[in-house]
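The values are calculated or read from the model by the stated rules, or taken from the named source; none is laboratory data. The structure presented is a predicted model; accordingly, all values stated were derived computationally and were not measured. Neighbour counts are summed over all protein chains in view; Cβ atoms, including those assigned to glycine, are modelled from backbone coordinates with ideal geometry.
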């Protein structure tokens, strides 16, 4: 996983899998990286090929952490299989989802 701070946004990328095995550590790691200046969180799911309920729970927890800081949380470029899971669980209406491949250029 990679982390980059852009202004007041913490960008997370290179997350190949988000499931029971790593969801808690992922969530804790991201929350620990939120400094005083970072209130927004963007998670790039363009390389994520697997997510389960634990992974979805971690994303919901991060959404809440950003909201506590009066910030925003968004998911960037989910793979079609991940987008389908978000739609089946109706989390696509809960999360802000941005599907612009240009956002991945760093």
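Below, the figures for the structure above:
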| item | result |
| --- | --- |
| Segment 21-43 residues that are exposed (fewer than 12 other Cβ atoms within 10 Å of the Cβ), paired with ones that are at pLDDT 90 or above and part of a loop (DSSP other than H, G, I, E, B) (beta carbon under 7 Å, 6 or more apart) | 37/8 |
| Subset tally (residues that are at pLDDT below 95 and either in a helix (DSSP H, G or I) or in contact with a strand residue (DSSP E or B) (Cβ under 6 Å, 6 or more places away or on another chain) (or both)) for segment 79-106 | 4 |
